[in-house]
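This report refers to the structure that appears directly beneath it.
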Amino acid sequence: MPAAVRALKPTARARLLAAADELFYSEGIQTVGVDRVVEKAGVAKASLYNLFGSKEALVQAYLDARTDATREQVERTLTRLRTPRERVLGVFEAQGETFAQPNFNGSAHLRAGAEAQPDSLVERANDRYRQWLRTLFTDLARAAGVADYEGLAKQLRLVYDGAAVSARMDRDWSAATSTRAAAALLDAATQDEKGNVAEH
């Protein structure tokens, strides 16, 4: 095989992660066994265990890859936005792009978390995702100049999570509702800040 062709061929790790992403996300992590993953990836079962060590570690890698993809999508959106308000709402805009994807099947982390054992690798991957989300909204709320930025960040996370559930269960693919809710929370917090300043 020519070197150029070999260079274009995905590695066994990449093929396993792609297969895991498709199967775990569409069918669930408990339903799908390693045999189906390796068959879809076109690799030997030994390769899966050599690369990941266990199915649980493969699930962890799949969830971490989902976190990375979500973070990159949000960062791409935020780079073109300037004001603190635009950037807060931009997170929901990026989330709406995910809802519009034809294979959208809800939150991968929420689905996996429902099947995870306490203190498992899967739960730890979800903890990393939640830490990133907490930090994201906390930093954005702080940049907006809200004194109780942690309180606002928590409210924004609830809207973000609720939007994902609604998009999947109610088949509401529009991000407009969550964006309006986030805007109302941000405006109320900002207005409260102005009121408090005026009182002093």
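Every number here is computed from the coordinates shown, using simple stated rules; none is lab data. What you see is a predicted model; the values in this text were computed from it and never measured. Here the Cβ is made from the backbone with ideal geometry for all residues, glycine too, and neighbour counts use every protein chain on show.
Quick notes on this one:
- Calculated on the alpha-carbon coordinates, the convex hull of the chain measures out at 139 cubic angstrom per residue.
- A Cβ-based charge dipole, computed about the Cα centre of the chain with Lys and Arg at +1 and Asp and Glu at -1, lands at about 720 debye.
- For the range 101-180, the gyration tensor built on C-alpha atoms gives an oblate shape. Its axis ratio a/c (a ≥ b ≥ c) is at least 1.5, and a/b is not larger than b/c.
- Contact order relative to length of the chain, as percent, for alpha carbon pairs under 8 angstrom and 6 or more apart: 20
- Loop-located trypsin sites (Lys or Arg not before Pro) in the range 109-200, at most 11 other Cβ atoms within 10 Å (DSSP): 171
- Within a Gaussian network of the chain (alpha carbon springs, distance under 10 Å), most fluctuating of 90, 151, 113: 151
- Across all directions, the average flat footprint of the convex hull enclosing the Cα atoms of the range 28-117 is 7.4 nm².
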